[in-house]
1. Give me the percent of DSSP beta bridges within the chain that run antiparallel, rounded to the nearest 5.
2. What do you reckon, how do E180, E75 stack up by accessible area (1.4 Å probe), largest on top?
3. How much of the accessible area of the chain, in percent, comes from carbon and sulfur atoms when a 1.4 Å probe is used?
4. Counting heavy atoms of the protein chains only and a 1.4 Å probe, report the per residue accessible area for the stretch 122-248 as a whole number of Å².
5. Which of these values of Rg and Dmax of the Cα atoms in Å was calculated from the structure shown: (i) 18.3, 78; (ii) 20.1, 67; (iii) 16.7, 50?
6. With all protein chains present, calculate the accessible area of E219 using a 1.4 Å probe and round the result to the nearest 10 Å².
7. Picking from S127, A32, A19, whose Cα lies most toward the positive end of the charge dipole for the stretch 4-158 (charges on Cβ: Lys, Arg +1; Asp, Glu -1)?
8. Rounded to the nearest 500 deg cm²/dmol, what is the calculated helix-only ellipticity per residue at 222 nm for the chain, with -39500 (n - 2.57) per DSSP H run of length n ≥ 4?
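The values are calculated or read from the model by the stated rules, or taken from the named source; none is laboratory data. All values reported here derive from a predicted model rather than from experimental measurement. Cβ placement follows ideal geometry from the backbone for every residue including glycine, while neighbour counts extend to all protein chains displayed. All accessible areas refer to the heavy atoms of the entire protein, side chains included, with ligands and DNA or RNA removed. Shrake-Rupley method; radii C 1.70, N 1.55, O 1.52, S 1.80 Å.
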Amino acid sequence: MASRDHRKILTVADPAALANAAAERVLARIDANSGRIAICLTGGSSPKQLYQLLGSEGYHDRIPWHRVHWFIGDERFVATSNPLNNMAMARSTFLDAHAPPSNIHPIATDTAGPDESARQYEQELKSFYGAGRLDDARPLFDLVLLGVGPDGHAASLFPGYPAADETERWVVGVPQANVEPFVPRVSLTLPVLASCREMLFEAAGAGKRAILSRVLGGENLPAGRAQSMGETVWLIDSAARPESLGGN
C-alpha cells in the first residue's frame, strides 16, 4: 500500500469534550454511507466515554443499527467474561443494547490459541469484504478507532515486534504483550487498519503527552505508522497536547 500522510490533529478541552467530538465523527462517517457500514472499535480505557455516549439517549437513535457492522482492532486472549476483554466491554457498554447480534463481530478467544483466533478472524474479514486482497479504491472500514499505548503501540502492534511489520496477513496472534496486561493478543495488521476512510485516534490526559510528543514528532513507532488510506485524525485533549505542537 502506498505511503500516505493525511494526518490532522484536533485539540479539545477535556475528556468529556473529546468523547463528544469523537461521537460526532462516528455519526458523520455513518451518515456519509447510505449502504453497509463497517466500524472497527478499539479497547482499553480511552473509548469508554465514547461508547457510553453512542448508547445514550440522543445518540443511539441517530444510528441505523441494522446497517452498521462492528469489528474490533485487537483483542486480549482472555475469556469474554474477563473484564480485560475488549469487545465484551464494548458490548456491555452499548452494542448489546442496540446492535443486531449478527452485526457484532468479536474475535473468538475460546480457540486453541491466538494464532487460530487470528486465522478465523482473518477469514471473517475477508468474507465480509468479499475478496482475499484489499483494494485501495474500496476500503474495508468506514472508520477505525485507535488509542496509543505508553510505548507507542497501536491495536496490539508493539514496537520491535514482528507483528508490527506484517504486510501479508490481515490478522496476527501476538504471543506476548509489551505492556500490561501481559496476556497474549490478537491484532489486525497495519495494512488492514489502514484500509479505512478515516482512522480516529483518541488520547486524553497528561499521561499521554510524552508518548504523543514522540509519535507526532515522527519517531518510528506503530502508532505513528498507522495511517488511513483516507484521513487520519488525532483527537486529543489539552492536557495531552505536547508543547512541541505549539498553539491549537
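1. Of those bridges, close to 25 percent are antiparallel.
2. E180, E75
3. 48
4. I get 39 Å² per residue for the stretch 122-248.
5. (iii)
6. Solvent-accessible area, nearest 10 Å²: 80 Å².
7. Checking the options against the dipole of the stretch 4-158, the answer is A32.
8. -7000 deg cm²/dmol
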